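K.L.:
The structure is given below, and queries will be raised subsequently.
Read the figures in this text as sums done on the coordinates, not as results from a lab. Nothing here was measured: the structure is a model prediction, and the numbers come from that model. No Cβ is skipped: glycine too gets one built from the backbone with ideal geometry, and neighbour counts run over all protein chains shown.
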């Protein structure tokens, strides 16, 4: 089967399954496409220049360009585009209902595609005319450039949904409907973010509450300091020190089998010596060990 024939069949299947939503109107049955070819009113409001309510530094270049090209619709222009959008979708939906489920007529498929493309063009015109309103709302509610960009993206998605759901026949301005829809959505986004931040803060507080505070004695050697010092001096202890000096140095460095360095007071109690005498013997032993132990003398200063 040729590729273009497969593409045509695929498009027809997509159109058969595609939901076509529109706001119905009683006068659509008596309306023709030619009714939208000419207008006796202005579609767009007269503006000397696009308002500069948003600082250029706060807006991405691509968005700024779109905002500058955005033109506000008159009430008549807005009604015209909404009526055109929904009429074109109404016509496409009517044709869709007549398509054969397995062998849709190509002519009808092409006509549906044209109607939906023109409807999408009208939708884009409505969206473009309201970009500044969405950006203005996002600018008032955001507190950073990143948040502004996020809110504009969220607001634009809501705007497209609002265009599809707006009943223009009630005679209201779309800007009123859109303002409420975007503000309501962004307030929900802000509220969800606030609640998430509160939960994260609560979890951090709980973690801090259960973690015991560790009191560090700045005068006691750390385990790393003990290991480094021990590696340097252990090789010379037996050959350079007498028995009592070995007990003191090994005990001080935690090399006596306990794995924990002892204070001069504890060592003195074990040997029946005063704390000061133990300190003197320790210093004497360190001096005997020579250069290997000198870098660690300050680490193991008297307590």
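K.L.:
How much FRET efficiency would the formula 1/(1 + (r/R0)^6) give for residue 198 and residue 127, where r is the Cβ-Cβ distance and R0 is 25 Å, rounded to 0.05? Before the final figure, lay out each step's value.
P.N.:
Values: r = 35 Å, r/R0 = 1.41.
It comes out at approximately 0.10.
K.L.:
Could you line up 112, 159 from fewest to most neighbouring Cβ atoms inside 10 Å?
P.N.:
Details: 112 24, 159 21.
Fewest-to-most Cβ neighbours within 10 Å comes out as 159, 112.
K.L.:
At 0.36 nm per residue, and after removing the present C-alpha to C-alpha distance, how many nm does the segment from residue 97 to residue 269 gain when stretched out fully?
P.N.:
Contour length minus the Cα-Cα distance gives 51.8 nm.
K.L.:
Work out how much length residue 242 to residue 145 would gain on full extension: take 0.36 nm times their residue separation and subtract the Cα-Cα distance, in nm to one decimal. Don't skip to the answer; put the middle values down first.
P.N.:
Details: separation 97, 0.36 × 97 = 34.92 nm, distance 7.30 nm.
Taking residue 242 through residue 145 to full extension adds about 27.6 nm, to one decimal.
K.L.:
Along the Cα→Cβ direction, 7 angstrom out, place labels at residue 28 and residue 47. What is the inter-label distance in nm?
P.N.:
Distance between label points: 3.1 nm.
K.L.:
Compute the length gained on full extension between residue 39 and residue 277: take 0.36 nm times their separation in residues and subtract their Cα-Cα distance, giving the result in nm to one decimal. Walk me through the numbers before you get to the answer.
P.N.:
Numbers: separation 238, 0.36 × 238 = 85.68 nm, distance 10.95 nm.
Extra length available between residue 39 and residue 277 comes to 74.7 nm.
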